[in-house]
Structure formats: C-alpha cells, structure tokens
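Data first, discussion second: the structure below is written as structure tokens.
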Amino acid sequence: MVNVLVTGGAGFIGSNFVRYALETHPDWHVTTLDKLTYAGRLENLAGILDDPRHRFVRGDIADRDVAAPLVTESEIVLNFAAETHVDRSILDAGAFITTDVYGTFVLLEAARQAPHLKRFVQISTDEVYGSVAEGASRETDELRPRNPYSASKAGADRLAYSYWATYRVPVIITRASNNYGPYQFPEKVIPLFITNAIDGLPLPLYGDGLNVRDWLHVRDHGRALDLLIDRAESGEVYNIGGGNEIRNIDLTRRILQLLGRSETLIRPVPDRPGHDRRYCLDTTRLRSLGWTPAADFADGLAETVAWYENRGDWWRPIKQQDAAFREYYDVQYGRRLAESHKSA
Ligand code: NAD
Ligand code: TYD
C-alpha cells in the first residue's frame, strides 16, 4: 500500500481528487486531513468515507501535533488545504496567512523528517502570476500576485520551492487555472451563477464583465496531478490549464442559455478591487509529459449545470440555511446589488 495524504480533501478539488485516486489506484491508502471550514464538507466525500482504503481526519494543517505524524507516515502528500476565495481575502486576509502560508510551512517542516516521502505536491494557482494582458504565463515568469489570496498562495509556492532547494524535500509545485465541476462551493462564479439562475435571482457580474478566465475541468486537474506524481521532476513548477479562455459575460450568457433563463438576470455590479483582468497559462511543459485535457468545455459546463440542477440537496442547505453564508452574501453583494438597482 502507498500512503497518500490529501490535505483539504473535503473541499471542491480535493474531494474530486480523493474520489479519482481511490478509483484509479487500488494500491493507495488515502488519508484526508481537513479542518472542515465553511468550504469543507463531509458530504463531498459521500460514498468514500467508509471505504477501507480511505481515512478521514478532522484537523488543521497548521496544527503540528495533528499534521506532522500524518506527513511522517506518507509517501505522497498533496497540499490542497487553503482558504481559496479572492473576495473573502479582500474582506479579511488573516486566515489566508495562517492556513495558506503558515499551514504550508508546518507541512513542509514535517516533510523534512518524513522517511518515506517521495512526492510533496504543493497545489498553487495561476493567480500567482497576476494579471496577464496578452500571451500566456510560463513557469519561469515572474510572480506578480495582486490580492491577498494570490499573494498568500505565492508565498506558499515559493516556500515549498525553498524546501527543495535547501533541504531536498521532493517538492513539485502545480499552478492550475480556474476549476469547474461538481461540489464547487457556491461562492465561486460558476456555481453561484448557476444556483442563482435556477432560483431566478440576479447574477452579480463584476465590472464590465470582460475579465477572462481559463477554465479547467476538475477531473482533468486530477488526471494532471496523477501524472505529475509519477513523472515530474522535483523542484519544478507545472502549469495546468484547460485552454478554455472565456470572458465572464460570455460564460454568464452560456450558463443562462443552458438553464433556459433570461439575460435580464445579469446584474452588472461594482467591480472587485484589484480585479485581475486575465489569466492564461502556457501548458507546454505538462503537455510534453503526455497530458491533454479530456473535457470539452461546452460538455463539461452542461454537465456541471445539470449536476447543480440535480443536487439542490447539496447546495440549498448552504445557500438558504447556513447563517454564515447568508451573512457573507449580504456583506459581499448587498450594497453592490442595491447600487446596481439605483444606476439601472
Ligand atoms: P475549497 O475552498 O473548495 O476547499 C479548501 C479545503 O481546505 C476545504 O475542505 C477546507 O475545509 C480545507 N481547509 C481550509 N483550511 C484548512 C486548514 N487550516 N487545515 C486543513 N484543511 C483546511 O478550495 P478548492 O477550490 O478545492 O481549492 C483547493 C486548492 O486548489 C487550493 O489550494 C487552491 O488554492 C487551489 N486552486 C484552486 C483553483 C480553483 O479554481 N478552485 C484553481 C487553482 C488552484
Ligand atoms: P471566482 O470564481 O471568484 O474565481 P477567481 O477570482 O479565483 O478567478 O471568479 C471568477 C471570475 O468571475 C472573476 O473574474 C470574478 C468574476 N465574478 C463575478 O463577476 N461575480 C461574482 O459574483 C464572482 C464570485 C466572480
């Protein structure tokens, strides 16, 4: 058995990865370490919580007493655990520093002493490059993060690298583009807009709606990580991009079309401060190892819309019954939506 530690495995990408890993690696024993913040949900692991090859541990990556023994027993560590939402980082950055930076440090310190460790995958993000007006970011490009989330991820990204350069911890760093797919928390744009549209609520589109993101299906992300665990070179960075660049306004229109809803639901609202205009990744390095994305964006988006249509049991309790989510929604959107009414 190969002992694999997945931190943040009750979140969106982590839970999809844990499910994929158990399906594709009969010789893996996976431990999920997750603090179960607002974004971490045991429901995301439904069907695999009782799998004999899977163990769930509730705990904080920044808590050495919990995290270090789990790292020590592992051959492979994937660090997905993070605070991940840019808008929340703008409202209050503290947890981004304690989890994304300090938590990664705790894991890396434990990794220095881990006797069987072959791979430490630091899950970084394309947002560390900052906004790219034209062309595509390469792994060697300068990092220019522009919001507290991306700055904390850039800190963790370079800290992980330093543990390779200094201590020869077998680190690799992956920088993926925006993910979409099932189990994404409904604060991020795709699930927020799908679920609002289902309920006939306004879709708060920031600024002029012309910002561009490159969308990657969460399963293709998992396939890339799986390949990199095997084939990557320690100390290297790998971009993982879906190659599906689309402007937010066009993405919004597609979601509405798929749901048969009117574009009058689109509500332009005041922009996110420091809103990065565009992300775009050069994925030559990953593709040279044999990876290409399998998901077609039109199909993947349609499947994702259908998943949210069918899984009101998953997202309605979050959006409608969770007081903390309601409070976040009011703080983030209350004034924006009110102002957009005034200007309409
Ligand atoms: P998510 O917010 O859905 O999940 C994060 C998970 O981490 C949750 O389960 C949460 O409970 C857990 N967590 C948070 N703090 C923790 C702590 N201190 N200790 C243990 N667990 C903790 O995020 P996601 O979208 O699945 O992102 C996963 C990773 O991928 C993150 O590192 C993120 O920066 C990176 N990433 C995300 C995207 C994207 O589009 N979502 C793109 C590129 C990279
Ligand atoms: P998001 O899903 O928050 O991901 P990220 O900021 O990490 O790229 O946002 C994706 C894009 O959608 C980004 O350009 C901001 C925009 N957006 C809106 O226009 N309205 C919203 O309510 C949200 C959450 C995002």
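At the listed q of 0.10 Å⁻¹, the Debye profile of the range 1-158, built from one uniform point per Cα, gives log10 I(q)/I(0) equal to -0.36.
Distant-in-sequence amide contacts of Glu236, defined by a placed amide H-H separation under 5 Å and a gap of 5 or more residues or a different chain, comprise Ile173. Sorted largest first by accessible area at a 1.4 angstrom probe radius, with every protein chain in place, the residues Leu258, Leu36 fall in the order Leu258, Leu36.
Helices in the chain, meaning DSSP H runs of at least 4 residues, each add -39500 (n - 2.57). Divided by all residues, the mean residue ellipticity at 222 nm is -11500 deg cm²/dmol.
Shape summary of the range 236-276, radius of gyration then Dmax from alpha carbon positions: 14.6, 46 Å. For q = 0.10, 0.14, 0.15, 0.20 Å⁻¹, what log10 I(q)/I(0) does the range 81-221 give under the Debye formula with an equal point scatterer on each alpha carbon and no solvent? Log-scaled intensity ratios, in q order: -0.40, -0.75, -0.85, -1.33.
Here the range 237-308 exposes an accessible surface that is 47 percent carbon and sulfur, computed with a 1.4 Å probe and the other protein chains kept in place. Positive contributions from Lys and Arg (+1) and negative ones from Asp and Glu (-1), summed over other residues with Cβ under 11 Å from the Cβ of Thr292, come out at +1.
On a per residue basis, the range 2-155 carries 39 Å² of accessible surface, using protein heavy atoms and a 1.4 Å probe. Amide H contacts of Glu245 (H built 1.01 Å from N, in plane; Pro and chain starts excluded): Trp215 sit under 5 Å, all sequence-distant by 5 or more or on other chains. Ranked by the mean number of other Cβ atoms within 10 Å of their residues, highest first, the peptides 184-193, 316-325 fall in the order 184-193, 316-325. For the range 19-105, the spread of Cα positions along the three principal axes, ordered from largest to smallest, is 42, 27, 18 Å.
If r is the Cβ-Cβ distance from Leu49 to Lys118 and R0 is 25 Å, what FRET efficiency results, to the nearest 0.05?
Efficiency, rounded to the nearest 0.05: 0.40.
Computed from backbone phi, the HN-Hα couplings of the range 295-306 come to 7, 7, 5, 4, 5, x, 5, 4, 5, 5, 4, 5 Hz, rounded to whole numbers (Karplus: 6.51 cos²θ - 1.76 cosθ + 1.60, θ = phi - 60°; Gly and Pro given as x). Can you give the percent of C-alpha pairs in the range 189-344 whose distance is more than 28 Å? Considering the range 189-344, 32 percent of its Cα-Cα pairs are separated by more than 28 Å. Sorted on the mean count of surrounding Cβ atoms within 10 Å across their residues, most packed first, peptides 304-310, 23-29, 103-109, 271-277 read 103-109, 304-310, 271-277, 23-29. Dividing the mean sequence gap of close Cα pairs (under 8 Å, 6+ apart) by how many residues the range 228-344 holds gives a relative contact order of 37 percent. A probe of 1.4 angstrom, applied to the heavy atoms of all protein chains, finds Asp226 with accessible area near 30 square angstrom.
For the range 1-150, what relative contact order do you get, as a whole percent, if you take Cα pairs closer than 8 Å and at least 6 residues apart?
Numbers: 268 pairs, mean separation 35.2, N = 150.
Normalised by residue count, the contact order of the range 1-150 is 23 percent.
Volume per residue of the convex hull around the Cα atoms, evaluated for the range 250-299, comes out as 100 Å³. Expressed as a whole percent, the accessible surface of the range 1-136 that belongs to carbon and sulfur atoms is 53, based on a 1.4 Å probe.
Once backbone amide H atoms are built at 1.01 Å from N, Arg267 has Leu203, Leu205 as its partners under 5 Å, excluding neighbours fewer than 5 places away on the same chain. Straight-distance candidates among the aspartates and glutamates for linking to Lys319, with alpha-carbon spacing under 18 Å and chain neighbours fewer than 8 residues away dropped: Glu43, Asp87, Glu187, Asp199, Glu309, Glu327, Asp330. Cα centroid separation, the range 170-245 to the range 67-112: 19 Å.
Tell me the per residue accessible area of the range 183-269 using a 1.4 Å probe; a whole number in Å² is fine. About 34 Å² of surface per residue is accessible.
So what does log10 I(q)/I(0) come out to for the chain at q = 0.07, 0.08 Å⁻¹, using the Debye formula with one equal point on every Cα and no solvent? For the chain at q = 0.07, 0.08 Å⁻¹, log10 I(q)/I(0) is -0.27, -0.36. In percent, rounded to a whole number, the relative contact order of the chain is 16, using alpha-carbon pairs under 8 Å and six or more apart.
The values are calculated or read from the model by the stated rules, or taken from the named source; none is laboratory data. Bear in mind the structure is a predicted one, so any value in this text is a computation, not a measurement. We place every Cβ from the backbone using ideal geometry, glycine too, and count neighbours over all the protein chains shown. With ligands, DNA and RNA removed, areas are computed over all heavy atoms of the protein, side chains included. Shrake-Rupley method; radii C 1.70, N 1.55, O 1.52, S 1.80 Å.
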